[in-house]
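Structure first, commentary second.
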Amino acid sequence: MKRFDKYWIGIVFGLLLPAVFILLYLNHYNLWFLLDTGRYAFPTYSKLCLLSVFPNLALIFVFYTTDTWNLSKGVLIGAFPYMLAAIAFTI
C-alpha cells in the first residue's frame, strides 16, 4: 500500500468519488427533474455538493487507518472544490 501513497492519486480519488456519488444519488432518487427547473436548481446543486463530500470523509478515514497519509491528504484536497462550489451556489 505504501507504493500508492502519493498526493496525486488521492486528489484523483477526491475529485472523482464525489462526482460518481452525485450521479448515483441523482439516478437512485430520480432527481434529474429538479435540475431542469430553474427555481430549484441552485439550492439542489448546493446540497448535492455538500452531500457528495461524505464518501470522501469515509475514504479519508480508511486511508488514515492504513497509515497512507499522503493519500488521505490528497483526498481532502480533492474535496475542497466541492465544498467551494457548495458555498458558491448558496450565495
- prompt: Counting only residues that are closer than 24 Å to Tyr40 by Cα, surrounded by 18 or more Cβ atoms within 10 Å (Cβ to Cβ) and not aliphatic (A, V, I, L, M), how many does the range 53-72 have?
  reply: 0
query: Out of the residues in the range 11-39 that are of a type in the set (Val, Ile, Thr), part of a helix (DSSP H, G or I) and open to solvent by 40 Å² or more (accessible area, probe 1.4 Å), which is farthest from Ile77 (Cα to Cα)?
result: Val20
query: Does any residue of the range 73-88 turn out to be closer than 27 Å to Met1 by Cα, surrounded by 17 or more Cβ atoms within 10 Å (Cβ to Cβ), among the β-branched types (Val, Ile, Thr) and at pLDDT below 95?
result: no
- prompt: Looking at the range 40-91, which of its residues are among the hydroxyl-bearing types (Ser, Thr, Tyr), under 15 Å from Leu16 (Cβ atoms) and outside any helix (DSSP H, G or I)?
  reply: Ser52
- prompt: Which of (1) surrounded by 14 or more Cβ atoms within 10 Å (Cβ to Cβ); (2) without any contact (Cβ under 8 Å) to a residue 60 or more places away in the chain; (3) under 8 Å from the mean Cα position of the chain (by Cα) is the odd one out, the single condition Leu48 does not satisfy?
  reply: (3)
Sole exception among (1) modelled with pLDDT of 95 or more; (2) of a type outside the set (A, V, I, L, M); (3) touching a Gly at 6+ places or on another chain (Cβ under 9 Å); (4) open to solvent by 70 Å² or more (accessible area, probe 1.4 Å) for Lys6, by number: (1)
task: List every residue pair whose Cβ atoms lie under 7 Å apart, where the two residues are 6 or more positions apart in sequence or sit on different chains, the first residue falls within the range 73-91 and is at positive phi, and the second residue, located anywhere, is assigned to a helix (DSSP H, G or I) and at pLDDT below 95.
output: none
- request: Looking at (1) in contact with a helix residue (DSSP H, G or I) (Cβ under 8 Å, 6 or more places away or on another chain); (2) of a type in the set (A, V, I, L, M, F, W, C); (3) modelled with pLDDT of 95 or more, find the lone condition where Leu35 falls short.
  value: (3)
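The values are calculated or read from the model by the stated rules, or taken from the named source; none is laboratory data. What you see is a predicted model, and the numbers here were worked out from it, not measured in a lab. Positions of Cβ are generated from backbone atoms using ideal geometry, with glycine treated the same way; all protein chains shown enter the neighbour counts. Ligands, DNA and RNA are excluded from the accessible area calculation, which covers all protein heavy atoms including side chains. Shrake-Rupley method; radii C 1.70, N 1.55, O 1.52, S 1.80 Å.
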